[in-house]
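The values are calculated or read from the model by the stated rules, or taken from the named source; none is laboratory data. Everything quoted here is computed from the prediction, not taken from an experiment. Methodologically, a virtual Cβ is constructed for each residue, glycine included, from the backbone with ideal geometry; neighbour enumeration extends over all protein chains shown.
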Amino acid sequence: MKFRPFSLRADKLVAALACAGLALYGQGALGSEREDIEQLRSTALGLIQALVDQGLLSREKAAELLKKAESRNTTDAAGNPARVGADGKPVVRVPYVPESVKAEIRDQVKQEVLAQAKQERWGDPGALPDWLDRIHFEGDMRLRLEQDLFAKNNFPASNSPIGFVSQNQGFFSAAPSPFSGPVYGPDITNTTDDRLRLALRARFGFTAKVGDTVNAGFRLATGSLSSPASTSQTLGASNNNLNRYTIALDRGYLNWQAASWLRLDGGRMPNPYYSTDLVWAEDLGFDGVAATVKTRLNDNFLLYGVAGGFVLGENGATKFDKWLTGYQVGGEWALSQRTTLKFGLAQYDFIHYAGQPQAPGSSNSGNANYFNYNVSQYGPNVRQKGNSLFNIQDPNTVPGGIGTTTGPVWGLMANFRPLNLTASVDFAQFDPVHVVLTADYIKNIGFDRQEILARTGINLEPKTAGYQYKVAVGMPAMAARHDWQVFGIVRQLERDAVVDGFTDTTWNLGGTNYRGYSIGGSYGVDRNSWLTLRWTSTKNLPDNDAGFSGVPLNIDVLQLDLNARF
């Protein structure tokens, strides 16, 4: 809703003052004709001056009107000299307007002005302050029915073949004993039992125009605090018994349009990079700063660049802090009036993120070597499954040390510096129906086999690439009733292509090391409300490094969503 201070549009002001002039004429009829003329002249001059003061009429235009008025005073309608009175001044004849006509005009203008004043709340003491006009509230809700289906021939998570550390831990969560290889899924506890659940995602926030160049964004959202990749809240989770759920800060940022070509962002912000959910989950927030530059080379081509730094772990000492940096260049190219190409090439770097083995004798928490090892843990509040992990504890930890009280402490084997190329083509020849083709490829160029061998003692085979192809047909956004879209996706994501903790949680129920497909569609049931039905099927990739060859883990996910946006 838009609020504005009390003001009159030019056409309403002219009409209102013209009506006032007629009223003055009617009152002047009781006096002399000369008094009537002087009153009308004074009213007209006041009207013109008011329009100039309000900025509705330029001084040049006002002077032109006065000049024309003087011209009319010295000539009649035919251009002949006007009649003059005894005092030598032109005689002005004002036509008689009946009182009933004047009253009708006055009432009509009054009603129109009052109606506009009511609609726009002119001078309403109960109106909200005008700063609210600079705030845009937004939110959305999604109610999801999800069924997770596990293949009957999946290897049981609780079974361990002979030679594994423990019969309790299972094949997916423990390495062979003696330790000779990586682990891919220490958090996999279910591979055979189907699951049916309801989940809710609720988000509400605002964007505010603070000044001419500075904006602020704020949003609260549902979801567990133990997963950065999702804001969905499973209903009844942890034997909830109808208790309340967590609401947390999901967005809180400022952006400054420092120049027409430069924007700076800081805080907890949306993903600033052009990407798909192959690399970053849709719900993921980025904590840090980013700069975006844009320049239009011509009417058909826009070039942009993004650079950002984001804090993953602030550990009290800079040399141990975990960071993510990312740089992207890309563009938007109008190939024709109804065909648009968008592309982006990004390079990301996870700094101080790989696991560091515990130094011998560093069980004392005051030891610098212990601290270095401890902060390099890839914790259960982040990881999903798929990345190559190793136990970073010293096997010779002294009795009573951390290694004898907590069990394995997992760290990432590989360094991650993924290179990501994303491109899409939007065909709008059948607008409002669009056909959008998207391709995404990622390669972890930070994987160094010799460095991993020196740091961990394990000769790990590189599995570092991933790709996704998607076709979507329909409306690009669900906004109105009967809007629709259908889509199909194929994907493969190897175990160490990306950090598994930040990936989409639908594919393979989160993580890496799988291939599969997803099909589905959306249909608008009302304005800004739509249903989505989606089927996703994945199977783990064979891998010999930890005996994964021939060990099946196949997962199908069926989701039915009711979405509403406001």
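A few comments on the model shown:
- Taken across segment 389-407, residues that are modelled with pLDDT of 75 or more, surrounded by fewer than 20 Cβ atoms within 10 Å (Cβ to Cβ), assigned to a loop (DSSP other than H, G, I, E, B) and among the polar types (S, T, N, Q) do not occur at all.
- Test result for G288, under 24 Å from T438 (Cα atoms), buried (at least 17 other Cβ atoms within 10 Å of the Cβ) and not hydrophobic (A, V, I, L, M, F, W, C): no
- Hits in segment 323-343 - residues which are surrounded by fewer than 17 Cβ atoms within 10 Å (Cβ to Cβ) and either in contact with a Pro (Cβ under 8 Å, 6 or more places away or on another chain) or of a type outside the set (F, W, Y) (or both): T325, V329, A334, L335, S336, Q337, R338, T339, L341
- Filter result (among the hydrophobic types (A, V, I, L, M, F, W, C), out of contact with any Gly (no Cβ under 8 Å at 6 or more places or on another chain), outside any strand (DSSP E or B) and touching a residue at least 24 places away in the same chain (Cβ under 8 Å)) within segment 476-500: V499
- Single match in D496, D556 (criterion: among the acidic types (D, E), surrounded by 18 or more Cβ atoms within 10 Å (Cβ to Cβ) and in the same structural domain as P156 (by TED's automatic domain parsing)): D496
- Qualifying residue in segment 246-260 (condition: closer than 30 Å to K342 by Cα, aliphatic (A, V, I, L, M) and surrounded by 18 or more Cβ atoms within 10 Å (Cβ to Cβ)): no
- Any hit, segment 555-566, residues being aromatic (F, W, Y), at pLDDT below 95 and farther than 21 Å from V183 by Cβ: yes
- Residue within segment 429-440 that is in a loop (DSSP other than H, G, I, E, B), among the hydrophobic types (A, V, I, L, M, F, W, C) and in the same structural domain as A480 (by TED's automatic domain parsing) present: no
- Against the test of being at pLDDT 65 or above, among the basic types (K, R) and farther than 30 Å from R527 by Cβ, the options R106, R93, R142, R72 yield a single qualifying residue, R106.
- Search result, residues across segment 215-237 that are of a type outside the set (S, T, N, Q) and either in a loop (DSSP other than H, G, I, E, B) or surrounded by fewer than 20 Cβ atoms within 10 Å (Cβ to Cβ) (or both): A216, F218, L220, G223, L225, P228, A229, L235, G236, A237
- Failed item in (1) of a type outside the set (G, A, S); (2) under 26 Å from A346 (Cβ atoms); (3) in a loop (DSSP other than H, G, I, E, B); (4) touching a helix residue (DSSP H, G or I) at 6+ places or on another chain (Cβ under 7 Å), with V551 passing the rest: (2)
- N168 being of a type outside the set (F, W, Y), at pLDDT 75 or above and surrounded by fewer than 16 Cβ atoms within 10 Å (Cβ to Cβ): no
- Test: F447 is assigned by TED's automatic domain parsing to the domain that holds V329, under 19 Å from Y273 (Cα atoms) and in a loop (DSSP other than H, G, I, E, B): no
- Matching option when the condition is buried (at least 16 other Cβ atoms within 10 Å of the Cβ) and at pLDDT below 95, among S365, S376: S376
- Each residue in segment 418-474 was checked for being within 22 Å of the chain's Cα centre (by Cα) and over 22 Å from I519 (Cβ atoms), and 2 of them qualify.
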